[in-house]
Amino acid sequence: QVQLVESGGGLVQPGGSLRLSCAASRSIFSIYAMGWYRQAPGKQRELVATITSGGNTNYAASVKGRFTISRDNAKSTIYLQMNSLKPEDTAVYYCNKGSGPFGSWGQGTQVTVSS
């Protein structure tokens, strides 16, 4: 059974930083590129960033230059360092494979950017 456990969210002021973590089952982590996604209230889930097993990264235009995705293969964990946060970054953040089809999703971690 695939497990995805996200953590690290919270309430932060605009301009602040957060670091998210996602522990994934080795069954998918060792094979697939991994990604961070987010879903804001009333909006569809969107791709934020991806990272291949070799460390190549891609970012959505809205976060490029502010967010950094990384991975620790030994821990089957990916990270999302988020800097210069904006209110529009407020969402539940999820991790999963870098592209579909997707199986189950984790519970996500809430990020709220507000003064």
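Residues that are surrounded by 15 or more Cβ atoms within 10 Å (Cβ to Cβ) and not hydrophobic (A, V, I, L, M, F, W, C) within the stretch 44-56 comprise R45, T50, listed in sequence order.
Only residues that are over 19 Å from T77 (Cβ atoms) and in contact (Cβ under 8 Å) with a residue 12 or more places away in the chain: list them for the stretch 93-109, please. If the condition is that a residue be over 19 Å from T77 (Cβ atoms) and in contact (Cβ under 8 Å) with a residue 12 or more places away in the chain, then S99 is the only one that fits.
Here I78 meets the list (1) within 11 Å of L4 (Cβ to Cβ); (2) at pLDDT below 95; (3) β-branched (V, I, T) almost entirely, failing just condition (2). Of the residues making up the stretch 94-115, those that are among the aliphatic types (A, V, I, L, M) and open to solvent by 60 Å² or more (accessible area, probe 1.4 Å) number 0. Among the residues of the stretch 70-88, is any in contact with a helix residue (DSSP H, G or I) (Cβ under 8 Å, 6 or more places away or on another chain), touching a residue at least 24 places away in the same chain (Cβ under 8 Å) and open to solvent by 60 Å² or more (accessible area, probe 1.4 Å)? Yes, that holds for at least one residue. Residues that are modelled with pLDDT of 95 or more, closer than 17 Å to N73 by Cα and in contact with a Gly (Cβ under 7 Å, 6 or more places away or on another chain) within the stretch 5-32 comprise V5, E6, L20, S21, listed in sequence order. Criterion applied to A61, A40, A91 was being buried (at least 19 other Cβ atoms within 10 Å of the Cβ) and closer than 30 Å to S115 by Cβ, and the one residue passing it is A91.
The values are calculated or read from the model by the stated rules, or taken from the named source; none is laboratory data. Here the structure is a predicted model, which is why all the values come from computation and not from measurement. Please note: Cβ atoms are built from the backbone with ideal geometry, for glycine as well, and neighbour counts cover all protein chains shown. Heavy atoms of the whole protein, side chains included, go into the accessibility calculation; ligands, DNA and RNA do not. Shrake-Rupley method; radii C 1.70, N 1.55, O 1.52, S 1.80 Å.
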